[in-house]
Amino acid sequence: MARDIRNVGVVGLGTMGAGIAEVLARSGLAVTAVELDDAGVERGREHLRNSTGRAVAKGKLGETERDELLGRISLGTDLAALADADLVIEAIPESLELKAEVFARLDGIIGPETILASNTSSLSITEIGMHTSRPGKVVGTHFFNPAPVLRLIEVVRTVVTEPDVVTDVVEFAGRLGKTPVVMGDRAGFIANALLFGYLNHAVRMYEQRYATREDLDAAMRYGCGYPMGPLALLDLIGLDTAYEILDTMYHQSRNRLHAPAPLLKQMITAGLLGRKSGRGFYTYQAPDSPEVV
Ligand code: 3HC
């Protein structure tokens, strides 16, 4: 019988974790969200306030509905609060060491049937799962940024993920109003494997002064109908995240398409991470603000 997933945990409240918590709460689910420390909890709370505030300002969500939505998300710093979860989605930074530690700790806290999912975009789900006593109940659930807007969830199965776990997660993704796709555990999964060669190529073109950032972006928006140009999209994703994804794919496939453009590394070293730091290829009036100066 399919699991009845009602009580969902989220670990990590950065851009993706907070977005995922919002998606879950929008579907009426009770969400328990855990961050490392109080500052992380505050950042997550602020992100949730801003994101839902945007919907209220546009008249798409009433004040009361918003309060109810936020009321369904309980925030804290103690992983033990996830003891009763049916599913836990981890969305902490892309470090295998950190993820392994969190998965091992969660394994000792949650019930035996609880599914453990990672939102990693570049690490191996198989390796993460091996740090638990239940690799058969470990999957990838890869959301896209902004999570409340984009409909895709990549459901990643490893060679040992139990088939009913995949079926239950796919069904659950549909209940969230998302479109799930299923694949094996390979760096980049489907979407990033196709997208990041293109983004990296755009950085190389910009680096070679082939065209201005505005013209590169305009070409893809107005010529190909993409919602954003590649450089604006890299700012949204975060240059550090993009670098990690490219680097992992490059090391796995040795495909030069994914060898990170040197400019990416230089910008990261200089603290230009994109929207989240206020400056990337473009400058933003405030972190996370779409207003370009
Ligand atoms: N959080 C919540 N909602 C947001 C949002 C955010 N950060 N940003 C935009 N929205 C909502 C708006 O409120 C608006 O909602 P409405 O339709 O209900 O009014 C809707 O999205 C459209 O937003 P805007 O009108 O402000 O602006 P745009 O029409 O330009 O859309 C965009 C903004 C949704 C970001 C759109 O440009 C887009 O889809 N861009 C491409 C994003 C993309 O490709 N993401 C994938 C990145 S790869 C990835 O995530 C994988 C990872 O592993 C790196």
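For this structure, a couple of remarks:
- Some residue of segment 161-182 being part of a loop (DSSP other than H, G, I, E, B), at pLDDT 95 or above and away from the ligand (no atom under 16 Å from the Cβ): yes
- Considering only residues in segment 222-237 that are part of a loop (DSSP other than H, G, I, E, B) and more than 8 Å from the ligand (Cβ to nearest atom), the one that is farthest from Leu195 (Cα to Cα) turns out to be Gly225.
- For segment 34-64, a residue qualifies if it is within 13 Å of the ligand (Cβ to nearest atom) and among the hydroxyl-bearing types (Ser, Thr, Tyr), and the qualifying residues are Ser51, Thr52.
- Qualifying residue in segment 190-197 (condition: closer than 24 Å to Glu35 by Cα, of a type in the set (Phe, Trp, Tyr) and surrounded by 22 or more Cβ atoms within 10 Å (Cβ to Cβ)): no
- Of the set (1) within 28 Å of Met183 (Cα to Cα); (2) at pLDDT 95 or above; (3) within 16 Å of the ligand (Cβ to nearest atom), all apply to Ile73 but (1).
- Scoring Leu123 on the criteria (1) within 15 Å of the ligand (Cβ to nearest atom); (2) part of a helix (DSSP H, G or I); (3) touching an Asp or Glu at 6+ places or on another chain (Cβ under 7 Å); (4) not polar (S, T, N, Q) leaves a single failure, condition (2).
- Among the residues of this structure, Ala117 counts as one that is surrounded by 14 or more Cβ atoms within 10 Å (Cβ to Cβ) and either under 22 Å from Ile153 (Cα atoms) or basic (Lys, Arg) (or both).
- The set of residues from segment 238-254 being crowded, with 24+ Cβ neighbours inside 10 Å and more than 15 Å from Lys265 (Cα to Cα) comprises just one member, Met249.
- Verdict on Leu70 being hydrophobic (A, V, I, L, M, F, W, C) and farther than 16 Å from Glu127 by Cα: yes
- Residues being modelled with pLDDT under 95, among the small types (Gly, Ala, Ser) and over 26 Å from Glu171 (Cα atoms) are represented in segment 89-97 by at least one member.
The values are calculated or read from the model by the stated rules, or taken from the named source; none is laboratory data. Quick caveat: nothing in here was measured; it's all calculated off a predicted structure. Glycine gets a Cβ as well: all are built from the backbone with ideal geometry, and neighbour counts include every protein chain shown.
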